[in-house]
Amino acid sequence: MKPVVVERLICWYQQKTIRQQVWLFGAFAILLIVTGIGLRDPWPADEPRFALIAKEMVDSGQWFFPSRAGEYYPDKPPVFMWAIALFYQLTGSLNLAFLLPSALGALLTLFLIIDLGSRLWSPKTGLIAGWLLLFSLQFTLQAKTAQIDAMVCAFITVGCYGLLRFMLYDGLWRWYYMAWVSMGIGVITKGVGFLPALMLLPYIWYRLAGPINPVIRPAFGNSLRWLFGPIVMLLTIGCWFFPMLIQVAQSQDPLLLQYRDNILWKQTVTRYADSWHHIKPFWYYVVEVIPVFWLPLSLAIPWLAPQWWKALKLYDGRVLLPLFWIVLVLIFFAASPGKRGVYILPALPMLALIAAPYTERLLQHKGLNRWLWGLVALLSALFGLLGLAGVLGLQAATKLADKFDVAPWYFLLTLGITGVLILAIAKRSKLWLSWPLFISLVWLLYSTWGYHMLESVKTPKHVYKAMQDRLPADAELVLVDFAEQFVLFSPYPITHFGFHSPIKQQIAAAYHWQANHPKAVVLIDMQLVDGQCYDPAKAVHMGFAHRVDWVLLMDSARLPECQTDGPSLRNFHYSPVKVGTKK
């Protein structure tokens with residue numbers, strides 16, 4: 001694409017009415033986010049879990065209590081899994097269904113940010129906010145990933161939209177209550193759905209310290225109407241919470257009682273205050289996440305900060321409320337010892353919103369333009385050199401290929417070469433164009449070529465193919481120390497002894513189960529076959545998947561005795577239906 005072509009496209013776009021520009025943005029956003037849906041299977045770590053739970057809901061007809069391979073799953077509330085299950089029920093294809101909730105949630109978030117920016121500033125500012133968010137690394141990455149975070153980000157953004165529209169635009173109470181309804185749905189999607197409520201803290205200060213404008217800001221006087229908001233949220237949560245409690249109490253099933261206690265306490269209060277994994281220091285988000293995953297907005301913060309300071313001195317609530325809310329969200333997540341980079345995604349739309357009014361002015365700064373161009377140059381050089389090293393068979397590259405079981409050399413080389421072409425185009429046009437052109441190319445290539453390239457190493461299909469070449473069709477599979485993808489893609493009925501059970505007890509349980517089930521074979525990591533229950537010399541290698549050497553243990557591999565420590569484990573069963581189809 002020549003520089004003159006790019007300039008003509010920009011000129012053509014700018015000549016359109018703002019309504020036409022919004023439609024063009026929507027079409028491009030759909031292209032970028034939806035491309036690749038249906039082209040791949042669910043990939044670890046989280047996608048196979050949620051896809052399996054949704055598939056099991058549809059196959060079993062039991063939707064209220066999420067379960068994976070017959071075992072209740074209390075780690076997350078059910079809304080996200082319900083969404084995948086609904087699309088699976090409608091489409092009959094799990095490969096289509098599992099990515100749709102995240103994609104639709106991302107598109108909803110983009111629409112809300114554009115509309116809010118249009119109302120608080122101007123339609124042009126709202127559209128700029130949409131472009132900034134779409135080209136932000138973490139946002140589009142999560143839009144193309146089947147994790148809960150894109151959906152809960154959408155519900156949190158609805159909450160922020162309702163509060164800001166109520167407090168700064170028209171003061172209509174319906175937006176206030178809509179915000180609390182969305183927070184309630186967000187809570188039963190992922191516990192942090194209440195986060196928009198934190199915006200009330202800077203709003204109180206804003207009302208007390210700032211100039212009064214009763215035309216667009218509701219009065220404090222009617223306190224009962226304000227207090228009814230949290231009640232609306234609790235009632236929304238109660239639509240799931242109370243039926244769950246009633247069903248658990250009526251069943252008196254010890255597993256459901258455990259589910260209730262786990263999801264209400266361990267996965268909420270305990271997980272936040274005393275996390276048992278993903279332990280990171282307090283500064284983790286500021287030092288390791290925001291600089292990379294919030295690109296390119298993180299790169300612009302030094303130029304945005306003075307503009308925000310001017311707005312704060314003027315008590316501009318349009319900047320003050322979202323900015324302080326972002327800070328509160330970061331403090332909230334930083335205070336918990338358990339941290340993942342994706343947790344702070346809900347703050348990114350508000351950052352795009354308050355960056356948009358100053359973006360045109362900032363893009364005139366040579367410094368920011370050079371940094372954006374330099375960032376693309378750095379990434380293009382890294383991709384290109386790594387791809388070239390792999391094509392030439394250099395040792396450092398081949399070691400990486402062996403470690404990750406993939407050789408993406410021509411893919412990376414293509415990114416590097418096209419990145420250089422984009423740099424040349426931007427050099428002769430506008431330097432800042434290098435980022436949106438490059439990141440769009442990355443997402444489109446990743447969602448097509450990348451998906452095809454990674455599919456073989458992201459699923460255990462080849463392990464099951466090797467098993468099918470060796471085992472009869474009526475074999476029964478016992479899984480030990482496994483992940484959800486081994487259930488999702490299994491062509492055999494599954495027996496297991498709990499995802500979180502001690503491994504030695506799982507091995508002993510498999511040993512005793514196999515003694516009474518002659519068609520049963522055990523699939524296990526070779527490193528766990530220590531000679532106490534099974535003979536390692538009789539393990540049959542099925543291949544590597546997820547950097548684990550998987551082996552089959554036939555009945556002939558059982559030793560005469562197997563020492564068992566601890567109580568016997570409960571067994572769980574799952575009979576699969578072929579992935580991509582329904583019963």
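The values are calculated or read from the model by the stated rules, or taken from the named source; none is laboratory data. What you are looking at is a predicted structure, and each value in this text was computed from that prediction instead of being measured. Cβ: placed from backbone, ideal geometry, glycine included. Neighbour counts: every protein chain shown. In case anyone asks, the SASA skips ligands and DNA or RNA and just uses the protein heavy atoms, side chains included. Shrake-Rupley method; radii C 1.70, N 1.55, O 1.52, S 1.80 Å.
A compact table of results
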| item | result |
| --- | --- |
| Some residue of the range 85-104 being crowded, with 22+ Cβ neighbours inside 10 Å, outside any helix (DSSP H, G or I), without any contact (Cβ under 8 Å) to a residue 60 or more places away in the chain and touching a strand residue (DSSP E or B) at 6+ places or on another chain (Cβ under 8 Å) | no |
| Hits in the range 339-372 (condition: farther than 30 Å from Ala424 by Cα, open to solvent by 20 Å² or more (accessible area, probe 1.4 Å) and assigned to a helix (DSSP H, G or I)) | Tyr343 |
| Members of the range 2-26 that are modelled with pLDDT under 90, in a helix (DSSP H, G or I) and either touching a Leu at 6+ places or on another chain (Cβ under 9 Å) or of a type in the set (Phe, Trp, Tyr) (or both) | Val6, Ile10, Trp12, Tyr13 |
| Tabulated pairs, the range 482-495, first more than 18 Å from Asn571 (Cα to Cα) and in a loop (DSSP other than H, G, I, E, B), second open to solvent by 10 Å² or more (accessible area, probe 1.4 Å) and among the hydrophobic types (A, V, I, L, M, F, W, C), C-beta under 7 angstrom, 6+ apart or interchain | Phe489/Val579 |
| Filtered residues of the range 513-531 (kept if surrounded by 14 or more Cβ atoms within 10 Å (Cβ to Cβ) and not in a strand (DSSP E or B)) | Trp513, Gln514, Lys519, Met526, Leu528, Val529 |
| Residue pairs meeting the criteria (Cβ under 7 Å; at least 6 apart or on separate chains; first open to solvent by 50 Å² or more (accessible area, probe 1.4 Å), in the range 8-35; second β-branched (Val, Ile, Thr) and modelled with pLDDT of 90 or more) | Val22/Ile114 |
| Cβ-Cβ under 9 Å pairs, at least 6 apart or on other chains, the range 224-244 side farther than 9 Å from Val181 by Cα, far side open to solvent by 90 Å² or more (accessible area, probe 1.4 Å) | Phe241/Leu234 |
| Hits in the range 254-265 - residues which are open to solvent by 90 Å² or more (accessible area, probe 1.4 Å) and in contact (Cβ under 8 Å) with a residue 12 or more places away in the chain | Gln258 |
| Residues located in the range 108-149, provided they are in contact with a Ser or Thr (Cβ under 8 Å, 6 or more places away or on another chain), under 21 Å from Leu320 (Cα atoms) and open to solvent by less than 10 Å² (accessible area, probe 1.4 Å) | Thr109, Ile113, Gly117, Gly126, Leu127, Leu133 |
| Single residue of the range 277-294 satisfying the filter (open to solvent by less than 50 Å² (accessible area, probe 1.4 Å) and in contact with a Ser or Thr (Cβ under 7 Å, 6 or more places away or on another chain)) that is nearest to His500 (Cα to Cα) | Ile290 |
| Top-ranked residue in the range 70-84 [being open to solvent by 30 Å² or more (accessible area, probe 1.4 Å) and among the aromatic types (Phe, Trp, Tyr); ranked as modelled with the lowest pLDDT] | Tyr72 |
| Any hit, the range 548-557, residues being acidic (Asp, Glu), in a helix (DSSP H, G or I) and on the phi < 0 side of the Ramachandran plot | yes |
| Single match in Gln527, Gln485, Gln505 (criterion: polar (S, T, N, Q) and more than 32 Å from the chain's Cα centre (by Cα)) | Gln505 |
| Pair list, Cβ < 8 Å and 6+ apart or interchain, from the range 530-550 residues that are of a type in the set (S, T, N, Q) to residues that are assigned to a loop (DSSP other than H, G, I, E, B) | Gln532/Leu559; Gln532/Cys562; Gln532/Gln563 |
| Exclusive hit being touching a helix residue (DSSP H, G or I) at 6+ places or on another chain (Cβ under 8 Å), closer than 21 Å to His546 by Cβ, part of a helix (DSSP H, G or I) and open to solvent by 20 Å² or more (accessible area, probe 1.4 Å), set Val406, Val457, Val420, Val442 | Val457 |
| Hey, Met167 open to solvent by 10 Å² or more (accessible area, probe 1.4 Å) and not acidic (Asp, Glu) or not | no |
| Residue count, the range 138-180 (criterion: among the charged types (D, E, K, R), touching a helix residue (DSSP H, G or I) at 6+ places or on another chain (Cβ under 7 Å) and without any contact (Cβ under 8 Å) to a residue 60 or more places away in the chain) | 1 |
| Contacts under 6 angstrom Cβ, first residue in the range 391-419 being within 17 Å of Leu379 (Cβ to Cβ) and modelled with pLDDT of 85 or more, partner surrounded by 14 or more Cβ atoms within 10 Å (Cβ to Cβ) and among the aromatic types (Phe, Trp, Tyr), 6 or more apart | Phe411/Trp449; Leu412/Phe383; Leu415/Phe383; Gly416/Phe383; Gly419/Phe438 |
| Among the candidates Leu295, Leu320, residue that is farther than 30 Å from Trp82 by Cβ, outside any helix (DSSP H, G or I) and in contact with a Phe, Trp or Tyr (Cβ under 9 Å, 6 or more places away or on another chain) | Leu295 |
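Here's the yes/no breakdown for (1) closer than 21 Å to Ala356 by Cβ; (2) surrounded by 12 or more Cβ atoms within 10 Å (Cβ to Cβ):
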| position | (1), (2) |
| --- | --- |
| Val269 | no, no |
| Ser275 | no, yes |
| Pro306 | yes, no |
| Leu312 | yes, yes |
| Val319 | yes, yes |
| Trp325 | yes, yes |
